[in-house]
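Read the structure below first, then the notes.
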Amino acid sequence: MNYNKKTVYDADVKGKKVLLRCDFNVPQDKETGEITSSKRIIAAVPTIKYLLENGAAVIACSHLGKPKGEWKTKLTLAPVAKRLSELLGQEVIFASDIIGEDARAKAAALKPGQIMLLENLRFDIREEKNGEDFAKALADMADLFVSDAFGTVHRAHASTAGVAAFLPAYSGLLVDKELSIMGKALDDPKRPFVAVLGGAKVSDKINVINNLLEKADTIIIGGGMAYTFMKAQGLEIGKSLLEADRIDYARDMIAKAAAKGVKFLLPVDNYCAAEFSADAEPVLAEGGIPENLMGMDIGPKTAALFAAAVKGAGTIVWNGPMGVFEFERFAGGTKAMAKALAESGAVTIVGGGDSASAVEKLGFADKITHISTGGGASLEFLEGRELPGVACLQDK
Ligand code: AMP
């Protein structure tokens with residue numbers, strides 16, 4: 001897949017109306033609806049400022065939550081418009097609908113340097129269904145399309161891909177950063193290229209492992225998914241997470257790595273527990289795991305082995321925690337991995353989701369080259385899949 005896409009810098013935006021797909025899917029307080037983190041709104045500001053300062057009128061749009069085509073007052077984007085307005089220091093005109101009369105009238109009246117925000121795209125079922133009429137109605141309000149919501153580029157929705165059939169499409173600065181850093185890591189990585197994979201399930205990461213086996217020099221497997229691989233090697237794994245229907249696959253991957261000369265590292269010791277609980281007493285097991293215990297985190301020898309494997313790497317990609325890091329007693333392996341990445345001197349890329357929040361929570365975020373803003377999108381990126389929201393952008 002070609003990641004070399006035209007960006008806002010390649011577009012002539014002066015005097016143009018720009019439909020800007022943002023990721024304003026912010027976390028909210030369940031009771032009050034108050035925005036609990038403005039991180040995503042702050043992240044959108046550079047592209048918005050660039051467009052406004054260069055004479056464009058911006059029609060921003062986003063989804064929020066999962067209203068599934070229903071008009072849910074709790075999921076209105078009105079609070080986002082307010083917060084964005086505070087951040088930009090200028091009015092953000094809010095449309096009370098998406099492609100209705102209010103939105104169209106406000107878009108038509110919008111002047112260069114002004115910004116408006118449409119109501120939650122997913123209030124209309126045609127957004128997620130990529131309805132052509134809906135995409136065309138969105139596009140009709142604007143002259144150009146800019147995609148800056150990396151978290152949704154793996155979806156073929158009206159506002160992420162459909163609109164590009166009607167408008168010249170460019171990447172925003174956030175999407176461009178994701179594409180240039182992750183695209184380069186996959187296409188032309190500084191070597192050695194080490195991939196660190198963890199998290200609960202092998203089945204979620206099968207395509208990632210398949211793709212990375214073609215590209216990486218070392219693959220490190222930790223977290224719950226490691227036990228299926230240990231089982232495939234003939235080790236006992238007690239009550240640990242196991243995907244019995246993936247054992248053959250795991251065995252094949254180990255053999256394939258050996259045949260290709262890719263180092264494939266698995267845990268050699270684990271902190272285990274008698275039950276899945278935050279208060280469980282950690283028991284260290286070397287090699288296999290005793291019958292009555294379950295693996296909860298990588299052990300100290302494994303942490304040292306994995307840290308040594310990332311030391312001296314040119315590029316490191318990490319997706320998925322090394323253990324049940326939500327439980328303080330079993331967060332040590334994930335912490336050790338975050339520290340090893342931070343100290344590696346390599347180009348370090350952390351996929352979205354749990355590993356991203358672990359790195360942030362543990363205070364290593366500023367020592368990582370790039371933390372992806374998209375969980376699902378970054379996984380599909382690592383799978384080497386074509387992302388509809390990227391494929392639809394103009395090539396450079
Ligand atoms: P994923 O979404 O696939 O990246 O998985 C993240 C989840 O995997 C986290 O909630 C972790 O608690 C969980 N996890 C990691 N290691 C283990 C383990 N050894 N046993 C059970 N769950 C685990």
| Computed label-point distance, nm, for sites Gln233 and Glu214 using a 7 Å Cα→Cβ extension | 2.7 nm
| query | Using a basic spin-label model with each label point 7 Å from the Cα along Cα→Cβ, how many nm lie between Lys6 and Lys30? | reply | 4.6 nm
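State the extension gain, in nm to one decimal, for the chain segment bounded by Asn292 and Ala255, taking 0.36 nm per residue of separation less the distance between their alpha-carbons.
On the way: separation 37, 0.36 × 37 = 13.32 nm, distance 2.96 nm.
Full extension from Asn292 to Ala255 adds 10.4 nm.
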| query | How high is the relative contact order of the chain, given as a whole-number percent (alpha carbon pairs under 8 Å, six or more residues apart)? | reply | 17 percent
| request: Return the carbon/sulfur percentage of the accessible area of the chain, one whole number, probe 1.4 Å, all protein chains in place. | output: 50 percent
| task | Only loop residues by DSSP count here, and only those with at most 10 other Cβ atoms within 10 Å; note down the trypsin sites (Lys or Arg not before Pro) in segment 1-46 that meet that. | result | Lys14, Lys30
| task | Sort all Cα-Cα distances of segment 8-173 into consecutive 10 angstrom bins from zero, then give the percent of pairs in each bin up to the one containing the longest distance. | result | 11, 45, 37, 6, 0
| request: Give the residues of segment 119-149 whose amide nitrogen is closer than 13 Å to a point set 7 Å from the Cα of Ala78 in the direction of its Cβ. | output: 119-120
| request: Please give, to one decimal in nm, the separation of the simple spin-label points placed at Glu86 and Arg385, each 7 Å out from Cα toward the Cβ. | output: 3.7 nm
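Of the DSSP beta bridges with both residues in the chain, give the percent that are antiparallel, rounding to the nearest 5. Please report the intermediate quantities before stating the final value.
Working: 10 of 48 bridges.
Of the beta bridges lying entirely in the chain, close to 20 percent run antiparallel.
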| request: Any chance you could list P(r) for segment 182-382, counting all Cα-Cα pairs in 5 angstrom bins from zero, rounded to whole %? | output: 1, 8, 18, 22, 22, 16, 9, 3, 1, 0
| message | Only four residue types carry charge here, +1 at the Cβ of Lys and Arg and -1 at the Cβ of Asp and Glu. Report the dipole size of segment 246-318 about the Cα centre in Debye, rounded to the nearest 20. | response | 680 debye
| field | More than 14 angstrom apart: percent of Cα pairs within segment 201-279 | value | 61 percent
| How large is the accessible surface per residue of segment 182-382, computed with a 1.4 Å probe and reported in Å² as a whole number? | 40 Å²
| task | Measure nothing fancy, just the Cα-based angle from helix 173-187's long axis to the longest principal axis of the chain, in degrees from 0 to 90, nearest 10. | result | 40 degrees
| For the chain, what is the charge dipole size about the Cα centre, in debye to the nearest 20, if Lys and Arg each add +1 at the Cβ and Asp and Glu each add -1 at the Cβ? | 780 debye
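Give me the number: length gained by fully extending Ile42 to Lys396, i.e. 0.36 nm times residue separation minus the C-alpha to C-alpha distance, one decimal in nm. Don't skip to the answer; put the middle values down first.
Numbers: separation 354, 0.36 × 354 = 127.44 nm, distance 2.74 nm.
Using 0.36 nm per residue and subtracting the Cα-Cα distance, I get 124.7 nm.
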| task | State, as an integer percentage, the relative contact order of segment 182-382 based on alpha-carbon contacts under 8 Å between residues 6 or more apart. | result | 22 percent
| query | So what is the 222 nm mean residue ellipticity for the chain from helices alone, if each DSSP H run of at least 4 adds -39500 (n - 2.57) and you divide by all residues, rounding to the nearest 500 deg cm²/dmol? | reply | -10000 deg cm²/dmol
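The values are calculated or read from the model by the stated rules, or taken from the named source; none is laboratory data. Fair warning: this is a prediction, and the values are worked out from it, not measured in the lab. Positions of Cβ are generated from backbone atoms using ideal geometry, with glycine treated the same way; all protein chains shown enter the neighbour counts. Just so you know, the surface numbers come from the protein's heavy atoms only, side chains and all, with ligands and any DNA or RNA stripped out. Shrake-Rupley method; radii C 1.70, N 1.55, O 1.52, S 1.80 Å.
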